[in-house]
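The values are calculated or read from the model by the stated rules, or taken from the named source; none is laboratory data. This one's a predicted model, so the numbers in the text were calculated from it and none came from an experiment. Heads up, the Cβs are rebuilt from the backbone with ideal geometry, glycines too, and the neighbour counts pull from every protein chain shown. Surface accessibility is based on the protein's heavy atoms, side chains included, excluding ligands, DNA and RNA. Shrake-Rupley method; radii C 1.70, N 1.55, O 1.52, S 1.80 Å.
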Amino acid sequence: MFKKGSKLYSVLFNKCPRCHEGDFMEENNILKFKNAFKMKEHCSKCNLKYMMEPSFYYGAMYVTYALTVGISIITFIISTLVFKLSLLESFIPIVIVLILTSPFSLRFSRIIWINIFVHYDKKFTKTEQ
């Protein structure tokens, strides 16, 4: 499931979607906010250009929207079923969780978006060259 060649490997380990060896973002640690959202220009291993066309990552907004809706629904279910909060009271934990997870959803949405369009190719891996 998390092996090289799967989309999850690329998304979870911040790797190039084509070769799964080069890093996608400048900083691997998402908690270092200074460079956490800076993307590299191209892959250091297979030379894939990450900005394929101008405004390519505008589509990542849809992925971010889907992630935040999913996070909101899960938070709402947990707050109402486990903590027995009312409808109005459950908005406070939803807002808090969305604020705390926004760096993750913003970063993951970009790499998920490029993984929709670029597929793994074995010929670009180090062992195959």
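Below, the figures for the structure above:
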| item | result |
| --- | --- |
| Qualifying positions in the range 10-25 - in a loop (DSSP other than H, G, I, E, B), open to solvent by 30 Å² or more (accessible area, probe 1.4 Å) and either touching a helix residue (DSSP H, G or I) at 6+ places or on another chain (Cβ under 8 Å) or touching a residue at least 24 places away in the same chain (Cβ under 8 Å) (or both) | Arg18, Glu21 |
| Tally of residues being open to solvent by 50 Å² or more (accessible area, probe 1.4 Å) and aromatic (Phe, Trp, Tyr) across the range 98-114 | 2 |
| Flag for Ala60 being open to solvent by less than 80 Å² (accessible area, probe 1.4 Å) and either in contact with a Lys or Arg (Cβ under 6 Å, 6 or more places away or on another chain) or within 19 Å of Gly5 (Cβ to Cβ) (or both) | yes |
| Filtered residue count, the range 26-56, keeping only those that are under 21 Å from Ile99 (Cα atoms) and either at pLDDT 95 or above or open to solvent by 100 Å² or more (accessible area, probe 1.4 Å) (or both) | 5 |
